[in-house]
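First the structure, in the form of structure tokens, and then the observations on it.
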Amino acid sequence: MSRNVFEENFEKYADPEMYDHLYEGYQKDLNLILEWAKLDHPIIELACGTGRLTIPMAKRGFQMVGVDLHEGMLERAKQKAKEQKVSIEFLLQDCTKLNLPVKSSLVFMTGNSFQHFLTNEVQDDLVQSVRQHLVEDGIFIFDTRNPLLHELAAVDEYEQQYSDNNGNQIIEFHREEYNSMTQILHCHTDRQIYQGETLIAKEQDGISLRYSFPLEMERVLKENGFEILQVYGDWDKNELNVKSTSMVYVCKVRK
């Protein structure tokens, strides 16, 4: 997968301010990350987006490096860091080809960003790239959605309503279809934006997400030099089971 292939999957991130409006308050992943964070090395966040976790960690005194391939999201992150008076090194890089000036005791990637890596090859490239930027016994933490087959088997169509950061009413019509041969869920959204009763805009976007199974994840991690320390079914550290919606991995560089 080239950089262009990743960028073709960026439609959902076209409006960084709207992304913040919807997701900035989510902090469930932060506590688990903090359990493994140390002050003795820089900490690297991959697919850091607008700095939802990078900034609060920097406020706690950690030396943070935030990496993303979406220039608009990074610019928003830089703006927020400046406003909140924290110093963070934000870098525009492809996570499968990292070339960072530091090695870390902790690399993390949340928000199910692992699902953007759509093929076996780029999953391997990502994990190898992470390993090369960790010190001995370094930790890699990330999450990905658990493929619940009863949910993926049928085409899912649903409607969603919310308000944007300008107070406009948003109505979204979603269609999600899973390809069992590629293990990729293709999601399409048609969006109507209302100011009061008046329709002021129509938009559409899409995203493709790879689903990986637990035994696949074991292979990816072990074959690329990691030992799995913990697998959770969510960020609250509940046990992974057949009903879990998430898989949260805590891994260590294998000697």
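The values are calculated or read from the model by the stated rules, or taken from the named source; none is laboratory data. Please read all numbers here as calculations on a predicted model, not as lab measurements. Cβ atoms come from the backbone with ideal geometry, glycine included; neighbour counts cover every protein chain shown. In case anyone asks, the SASA skips ligands and DNA or RNA and just uses the protein heavy atoms, side chains included. Shrake-Rupley method; radii C 1.70, N 1.55, O 1.52, S 1.80 Å.
Name the residues in region 130-143 that are crowded, with 21+ Cβ neighbours inside 10 Å and either at positive phi or under 16 Å from the mean Cα position of the chain (by Cα) (or both), would you?
VAL130, PHE140, ILE141, PHE142, ASP143
Please work out which residue is farthest from GLU177 (Cα to Cα), limiting yourself to region 209-218 and to residues that are surrounded by fewer than 18 Cβ atoms within 10 Å (Cβ to Cβ) and touching a residue at least 24 places away in the same chain (Cβ under 8 Å).
PRO214
Just checking, does region 119-129 include any residue being at pLDDT below 95 and either among the small types (Gly, Ala, Ser) or surrounded by fewer than 13 Cβ atoms within 10 Å (Cβ to Cβ) (or both)?
Checked against the condition, which is being at pLDDT below 95 and either among the small types (Gly, Ala, Ser) or surrounded by fewer than 13 Cβ atoms within 10 Å (Cβ to Cβ) (or both), region 119-129 yields no hits at all.
Return the pair list, or none, for Cβ contacts closer than 8 Å from residues in region 237-255 that are touching a residue at least 12 places away in the same chain (Cβ under 8 Å) and open to solvent by 20 Å² or more (accessible area, probe 1.4 Å) to residues that are in a strand (DSSP E or B) and of a type in the set (S, T, N, Q), at least 6 apart or on different chains.
The qualifying pairs are LYS237/GLN230; SER246/THR144.
Looking at region 49-68, which of its residues are part of a strand (DSSP E or B) and either over 22 Å from ASN99 (Cβ atoms) or of a type in the set (A, V, I, L, M) (or both)?
MET64, VAL65, VAL67
Could you grab the pairs with beta carbons closer than 7 Å, sequence gap of 6+ or different chains, first residue in region 163-176 and without any contact (Cβ under 8 Å) to a residue 12 or more places away in the chain, second one polar (S, T, N, Q) and open to solvent by 60 Å² or more (accessible area, probe 1.4 Å)?
Hits for this filter: SER163/GLN169.
Would you pick out the residues in region 50-87 that are touching a Gly at 6+ places or on another chain (Cβ under 7 Å), of a type in the set (Gly, Ala, Ser) and either over 20 Å from ILE33 (Cβ atoms) or surrounded by 23 or more Cβ atoms within 10 Å (Cβ to Cβ) (or both)?
Those that are touching a Gly at 6+ places or on another chain (Cβ under 7 Å), of a type in the set (Gly, Ala, Ser) and either over 20 Å from ILE33 (Cβ atoms) or surrounded by 23 or more Cβ atoms within 10 Å (Cβ to Cβ) (or both): GLY51, GLY66, ALA77.
Provide a single number: the residues in region 174-195 that are more than 23 Å from the chain's Cα centre (by Cα) and open to solvent by 60 Å² or more (accessible area, probe 1.4 Å).
2
Restricting the search to region 31-48, which residues are touching a strand residue (DSSP E or B) at 6+ places or on another chain (Cβ under 9 Å), open to solvent by less than 60 Å² (accessible area, probe 1.4 Å) and not in a loop (DSSP other than H, G, I, E, B)?
LEU32, ILE33, ILE43, ILE44, GLU45, LEU46 - these are the residues of region 31-48 that are touching a strand residue (DSSP E or B) at 6+ places or on another chain (Cβ under 9 Å), open to solvent by less than 60 Å² (accessible area, probe 1.4 Å) and not in a loop (DSSP other than H, G, I, E, B).
Which one of GLY66, GLY61 is within 29 Å of ASP164 (Cα to Cα) and modelled with pLDDT of 95 or more?
Exactly one of GLY66, GLY61 is within 29 Å of ASP164 (Cα to Cα) and modelled with pLDDT of 95 or more, namely GLY66.
How many residues are open to solvent by less than 20 Å² (accessible area, probe 1.4 Å), acidic (Asp, Glu) and modelled with pLDDT under 95 if we restrict to region 1-30?
1
State yes or no: is ASN112 polar (S, T, N, Q) and either farther than 26 Å from MET217 by Cβ or free of Cβ contacts under 8 Å to residues at least 12 places away in the same chain (or both)?
no
Just a yes or no: is a residue in region 91-112 part of a strand (DSSP E or B) and surrounded by fewer than 19 Cβ atoms within 10 Å (Cβ to Cβ)?
Yes - at least one qualifying residue is present in region 91-112.
Filter region 219-228 down to residues that are free of Cβ contacts under 8 Å to residues at least 60 places away in the same chain and in contact with a strand residue (DSSP E or B) (Cβ under 7 Å, 6 or more places away or on another chain), then give me how many there are.
Number of matching residues: 2.
Any chance you could count how many residues in region 144-162 are touching a residue at least 40 places away in the same chain (Cβ under 8 Å) and open to solvent by 20 Å² or more (accessible area, probe 1.4 Å)?
Within region 144-162, residues that are touching a residue at least 40 places away in the same chain (Cβ under 8 Å) and open to solvent by 20 Å² or more (accessible area, probe 1.4 Å) number 2.
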